[in-house]
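J.: Encoded as C-alpha coordinates, here's the structure I'll be asking about.
The values are calculated or read from the model by the stated rules, or taken from the named source; none is laboratory data. Computed from a predicted structure; not experimentally measured. So basically every Cβ, Gly included, is an ideal-geometry build from the backbone, and we count neighbours across all protein chains shown.
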Amino acid sequence: MTNVKPNAFELLLRVRYAECDPQNVVFNARYADYADLAATEFMRALIGGYQALTNQGLDNQVVNLNISWQNSAKFDDILCLSVHVSKVGNTSFTMQIDMLNWQTKDAVASAEIVYVMVDSLTFEKKPVPHEFKATLLKGAPGKTMNLAGIAL
(Lines give C-alpha, C1' and ligand atoms only; values in the text may rest on other atoms or scores of the structure.)
Protein backbone atom coordinates (compact mmCIF):
# COMPACT_ATOMS: atom_id res chain seq x y z
CA MET A 1 0.00 0.00 0.00
CA THR A 2 1.23 3.53 -0.68
CA ASN A 3 0.81 6.74 1.29
CA VAL A 4 -2.43 7.96 -0.30
CA LYS A 5 -3.66 11.15 1.32
CA PRO A 6 -7.15 10.61 2.77
CA ASN A 7 -9.90 12.30 0.77
CA ALA A 8 -7.57 13.23 -2.09
CA PHE A 9 -8.92 13.74 -5.61
CA GLU A 10 -9.15 10.42 -7.48
CA LEU A 11 -9.22 9.48 -11.14
CA LEU A 12 -10.32 5.99 -12.17
CA LEU A 13 -9.05 4.51 -15.43
CA ARG A 14 -8.96 1.10 -17.04
CA VAL A 15 -5.69 -0.11 -18.59
CA ARG A 16 -6.20 -0.45 -22.33
CA TYR A 17 -4.57 -3.12 -24.48
CA ALA A 18 -2.64 -0.51 -26.51
CA GLU A 19 -0.92 0.71 -23.30
CA CYS A 20 0.69 -2.70 -22.69
CA ASP A 21 4.00 -4.00 -24.00
CA PRO A 22 4.92 -7.50 -25.26
CA GLN A 23 5.36 -8.57 -21.61
CA ASN A 24 1.60 -7.93 -21.16
CA VAL A 25 2.15 -5.18 -18.60
CA VAL A 26 1.75 -1.41 -18.88
CA PHE A 27 4.69 0.02 -20.82
CA ASN A 28 6.80 2.22 -18.51
CA ALA A 29 6.26 5.49 -20.38
CA ARG A 30 2.48 5.15 -19.99
CA TYR A 31 2.79 5.90 -16.26
CA ALA A 32 3.80 9.46 -17.22
CA ASP A 33 0.70 9.61 -19.43
CA TYR A 34 -1.44 8.42 -16.52
CA ALA A 35 0.10 11.05 -14.23
CA ASP A 36 -0.64 13.77 -16.80
CA LEU A 37 -4.24 12.57 -17.19
CA ALA A 38 -4.69 12.69 -13.41
CA ALA A 39 -3.15 16.17 -13.18
CA THR A 40 -5.38 17.43 -15.99
CA GLU A 41 -8.56 16.08 -14.39
CA PHE A 42 -7.45 17.42 -10.99
CA MET A 43 -7.14 20.91 -12.53
CA ARG A 44 -10.55 20.49 -14.18
CA ALA A 45 -12.04 19.62 -10.77
CA LEU A 46 -10.31 22.61 -9.14
CA ILE A 47 -10.77 25.43 -11.62
CA GLY A 48 -12.75 24.05 -14.55
CA GLY A 49 -9.65 23.21 -16.61
CA TYR A 50 -6.51 24.85 -17.90
CA GLN A 51 -8.55 27.35 -19.92
CA ALA A 52 -9.29 29.16 -16.64
CA LEU A 53 -5.55 29.84 -16.32
CA THR A 54 -4.95 30.80 -19.94
CA ASN A 55 -7.90 33.20 -19.75
CA GLN A 56 -5.84 35.03 -17.10
CA GLY A 57 -2.73 35.03 -19.30
CA LEU A 58 -1.17 32.22 -17.26
CA ASP A 59 -0.16 28.64 -17.89
CA ASN A 60 2.06 26.07 -16.25
CA GLN A 61 4.81 23.84 -17.57
CA VAL A 62 6.30 20.63 -16.26
CA VAL A 63 9.90 21.16 -15.19
CA ASN A 64 10.41 17.88 -13.34
CA LEU A 65 8.65 14.51 -13.42
CA ASN A 66 9.74 11.56 -11.30
CA ILE A 67 8.05 8.17 -11.36
CA SER A 68 8.63 5.38 -8.87
CA TRP A 69 7.37 1.99 -10.01
CA GLN A 70 6.19 -0.56 -7.44
CA ASN A 71 4.09 -3.22 -9.20
CA SER A 72 2.98 -4.04 -12.72
CA ALA A 73 -0.40 -3.00 -14.01
CA LYS A 74 -1.92 -5.25 -16.67
CA PHE A 75 -4.50 -5.03 -19.42
CA ASP A 76 -7.99 -4.46 -18.04
CA ASP A 77 -6.81 -3.53 -14.52
CA ILE A 78 -8.64 -0.57 -13.04
CA LEU A 79 -6.27 1.98 -11.58
CA CYS A 80 -7.11 4.63 -9.02
CA LEU A 81 -4.88 7.69 -9.30
CA SER A 82 -4.93 9.82 -6.15
CA VAL A 83 -3.80 13.45 -6.54
CA HIS A 84 -2.85 16.13 -4.07
CA VAL A 85 -0.60 19.18 -4.10
CA SER A 86 2.30 18.64 -1.70
CA LYS A 87 4.02 22.03 -2.08
CA VAL A 88 3.35 25.49 -3.46
CA GLY A 89 6.25 27.90 -3.88
CA ASN A 90 6.50 31.40 -5.32
CA THR A 91 6.49 30.35 -8.98
CA SER A 92 6.02 26.58 -8.78
CA PHE A 93 3.87 23.85 -7.29
CA THR A 94 4.30 20.11 -6.83
CA MET A 95 1.67 17.42 -7.38
CA GLN A 96 1.90 13.96 -5.87
CA ILE A 97 0.08 11.21 -7.75
CA ASP A 98 -0.27 7.74 -6.23
CA MET A 99 -1.44 4.95 -8.53
CA LEU A 100 -3.17 1.93 -6.99
CA ASN A 101 -4.77 -1.17 -8.40
CA TRP A 102 -8.40 -0.37 -7.58
CA GLN A 103 -9.41 -3.98 -6.95
CA THR A 104 -6.41 -5.13 -4.85
CA LYS A 105 -5.39 -1.73 -3.39
CA ASP A 106 -1.76 -2.63 -4.21
CA ALA A 107 0.55 0.28 -5.01
CA VAL A 108 1.46 0.36 -8.71
CA ALA A 109 3.47 3.57 -9.08
CA SER A 110 3.79 7.10 -7.78
CA ALA A 111 4.68 10.29 -9.60
CA GLU A 112 5.85 13.68 -8.46
CA ILE A 113 5.35 16.51 -10.94
CA VAL A 114 6.80 20.00 -10.48
CA TYR A 115 5.11 22.74 -12.49
CA VAL A 116 6.28 26.32 -13.01
CA MET A 117 3.73 29.08 -13.56
CA VAL A 118 4.42 31.04 -16.74
CA ASP A 119 2.99 33.83 -18.86
CA SER A 120 0.88 32.09 -21.51
CA LEU A 121 2.35 34.18 -24.34
CA THR A 122 6.00 34.75 -23.41
CA PHE A 123 6.49 31.63 -21.24
CA GLU A 124 8.37 33.76 -18.69
CA LYS A 125 8.09 32.65 -15.06
CA LYS A 126 5.27 34.26 -13.11
CA PRO A 127 4.26 34.10 -9.44
CA VAL A 128 1.53 31.63 -8.53
CA PRO A 129 -1.51 33.88 -7.82
CA HIS A 130 -2.55 33.87 -4.14
CA GLU A 131 -6.09 32.63 -4.86
CA PHE A 132 -4.71 29.81 -7.00
CA LYS A 133 -2.25 28.84 -4.22
CA ALA A 134 -5.13 28.47 -1.78
CA THR A 135 -7.16 26.48 -4.31
CA LEU A 136 -4.25 24.15 -5.03
CA LEU A 137 -3.64 23.48 -1.34
CA LYS A 138 -7.33 22.90 -0.65
CA GLY A 139 -7.47 20.39 -3.51
CA ALA A 140 -10.60 18.51 -4.47
CA PRO A 141 -11.04 16.20 -1.48
CA GLY A 142 -13.39 13.29 -1.90
CA LYS A 143 -13.99 13.96 -5.60
CA THR A 144 -13.68 10.93 -7.89
CA MET A 145 -13.81 11.22 -11.67
CA ASN A 146 -13.46 8.90 -14.63
CA LEU A 147 -11.54 9.45 -17.87
CA ALA A 148 -14.51 11.23 -19.40
CA GLY A 149 -14.19 13.89 -16.70
CA ILE A 150 -17.46 12.77 -15.14
CA ALA A 151 -17.73 12.81 -11.36
CA LEU A 152 -18.65 9.48 -9.82
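J.: What pairs can you find where one residue is in region 135-152 and among the charged types (D, E, K, R), the other is modelled with pLDDT of 85 or more and assigned to a strand (DSSP E or B), and their Cβ atoms are less than 9 Å apart, with a gap of 6+ or different chains?
T.: LYS138/VAL85; LYS143/PHE9; LYS143/GLU10
Each row is one residue, and each column tells you yes or no for (1) in a strand (DSSP E or B); (2) at pLDDT 95 or above; (3) β-branched (Val, Ile, Thr).
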residue	(1), (2), (3)
ASP59	yes, yes, no
ASN66	yes, yes, no
SER72	no, yes, no
LEU79	yes, yes, no
SER86	yes, yes, no
MET95	yes, yes, no
GLN103	no, yes, no
ILE113	yes, yes, yes
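J.: Let me ask something else. Taking the condition buried (at least 20 other Cβ atoms within 10 Å of the Cβ) and polar (S, T, N, Q), does SER68 pass?
T.: no
J.: While we're on this one: I need the full set of residues from region 4-21 which are at pLDDT 95 or above and not charged (D, E, K, R), in order please.
T.: Listed by number, the residues that qualify are PHE9, LEU11, LEU12, LEU13, VAL15, TYR17, ALA18, CYS20.
J.: Against the definition (without any contact (Cβ under 8 Å) to a residue 12 or more places away in the chain, of a type in the set (Ser, Thr, Tyr) and surrounded by 14 or more Cβ atoms within 10 Å (Cβ to Cβ)), how does TYR50 come out, yes or no?
T.: yes
J.: Suppose we filter GLU41, GLU10 for residues that are of a type in the set (Asp, Glu), in contact (Cβ under 8 Å) with a residue 40 or more places away in the chain and assigned to a helix (DSSP H, G or I); which single one remains?
T.: After applying the criteria, what remains is GLU41.
J.: Checking the conditions here, which among THR94, THR122 is closer than 21 Å to ALA8 by Cα, surrounded by fewer than 20 Cβ atoms within 10 Å (Cβ to Cβ) and not aliphatic (A, V, I, L, M)?
T.: None of the other options fit; the residue is THR94.
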